[in-house]
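Coordinate-derived values only; no laboratory data. Every value quoted in this text rests on a predicted model; they were computed, and no experiment measured them. Backbone-built Cβ (ideal geometry, glycine too); neighbour counts: all protein chains shown.
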Amino acid sequence: MVTQRRQAAHDTGEDIWNRVAEAGENGLPRAEAMGRNTPAQFEYGKTWIRDHQCANKKTGFVLVHGRYIATNDVDMSKLYASLRLHSLEKQAARIYKCCLAHLPPEAQNDLAVMLLVKTCKDVLAALKFLEDAGFSPQAATHTTETKAKAKASAASGRGRKTPGSAGRS
């Protein structure tokens, strides 16, 4: 029986990166970004991209509106970061509520439990600070959509063809 060597994460990551980077600012939906990779290879490849390739290329790798994009666009980066941090906030709250908040009083004095509770509360406090400062997925989405509409409007005003416009006669 012949066994195949698992494809290395950097090979998969390079494959995904090249495909997404070639797509430009429009990015690619998951199925196209994945290419011939399996879902597991795609996850390993994305991890390698985020851990290594972004630093190597000095370019971000974001998932915005269901599309993977290699970009340094500030608004897309803010949106992606806001969405991920919002997810982290929900995870920290769930961790606290589902397994730490209801421990018996004697367990609350355990040093490890105290550190875990403090960490959850610190994560929530830090993310509350961001929200109070005006950072949220909703605000970032609004900014990104507003700029996209302005860009499309400016392009059609200069006579460029945009999706859905007939252009000038």
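What FRET efficiency, computed as 1/(1 + (r/R0)^6) with R0 = 30 Å and r the Cβ-Cβ distance, is obtained for residue 103 and residue 131, rounded to the nearest 0.05?
Working: r = 28 Å, r/R0 = 0.92.
Step by step, r from the Cβ atoms, then E = 0.60.
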Residues meeting the amide H criterion for residue 71 (H placed from the backbone, H to H distance under 5 Å, 5 or more places apart or on another chain) are 60, 61, 62
Would you tally the net charge around residue 82, using a Cβ to Cβ cut-off of less than 12 Å, leaving residue 82 out, and scoring K and R as +1, D and E as -1?
-1
Please report the net charge: other residues with Cβ closer than 9 Å to the Cβ of residue 33, K and R +1, D and E -1.
+3
Summed residue charge, Cβ within 14 Å of residue 51's Cβ, Lys/Arg positive, Asp/Glu negative:
+1
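If packing is taken as the average number of other Cβ atoms within 10 Å across a peptide's residues, how do 30-36, 103-109, 43-49 rank, most packed first?
Numbers: 30-36: 14.0, 103-109: 9.9, 43-49: 20.0.
In descending order of packing, they fall as 43-49, 30-36, 103-109.
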For segment 1-140, place one equal point scatterer on every Cα, skip the solvent, and apply the Debye formula. What is log10 of I(q)/I(0) at q = 0.13, 0.17 Å⁻¹?
-0.74, -0.96
